Amino acid sequence: MDTQPASVPLSVETIRRMQRHAEPLIDTYDSIINKAFDALEQLHGARADPATKEIIRAFNAAAPPNLSHTTLKHAEVRSRVLKPNETYWNSLLFAMIREAAKANLPPKELKDLINANSTLGRKEDNGYRYLSDLDISVQGQDSNGAWRAIHHIANVMRIPMKVEFTWQNNANAAFPNTSGSMAVTV
């Protein structure tokens, strides 16, 4: 909404409730309403990005919303922040595979851990990416498939990680122009 109504009728009871939460001579009706929204968003796991003041909704990593039409904005694996040029769903999947490999799994076990099309050795057709350091190839995934594989690896290998993302301005997006976050904690 870009326009502001000239007045909004409030009941006497609503005004009394607002006054109970107001700082006298400081708060306005608008600031009290914003405090209420802040509390409600915090209750539901949302928080404001300190830099942009944008609300970031927290989602259940085990049951995420549809991630189609999202852009990954921030990713951390074991508190290591991925570089901006690595901040894509598939790049995060590759980082998780590499993190899992640090547990010295045999190659077949590492391949079986990947909840996406993968093969031992080099394969670079049909959307496969060869991870030469692991001698394994993984097929690129859409955002939903990548997240399923990422989440699976994080849970099985007990790797803490978190992501922040934004849905694009697209009518087919689950929450157009909304930011979200998910985390796996161990």
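The values are calculated or read from the model by the stated rules, or taken from the named source; none is laboratory data. Keep in mind that this is a model prediction, so the values were computed, not measured. Heads up, the Cβs are rebuilt from the backbone with ideal geometry, glycines too, and the neighbour counts pull from every protein chain shown.
The table below gives the values:
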| item | result |
| --- | --- |
| Single residue of region 136-157 satisfying the filter (assigned to a strand (DSSP E or B) and among the β-branched types (Val, Ile, Thr)) that is farthest from the chain's Cα centre (by Cα) | 136 |
| Top-ranked residue in region 160-180 [being outside any loop (DSSP other than H, G, I, E, B) and under 20 Å from residue 95 (Cα atoms); ranked as farthest from the chain's Cα centre (by Cα)] | 161 |
| Complete set of residues in region 84-112 that are touching a residue at least 12 places away in the same chain (Cβ under 8 Å) and farther than 17 Å from residue 161 by Cα | 107, 108, 110, 111 |
| Within region 137-186, tally of residues that are more than 22 Å from residue 83 (Cα to Cα), hydrophobic (A, V, I, L, M, F, W, C) and in contact (Cβ under 8 Å) with a residue 24 or more places away in the chain | 6 |
| Qualifying helices (runs of 4 or more DSSP H) (wholly inside region 7-123; at least 1 residues being modelled with pLDDT of 95 or more) | 89-101, 107-113 |
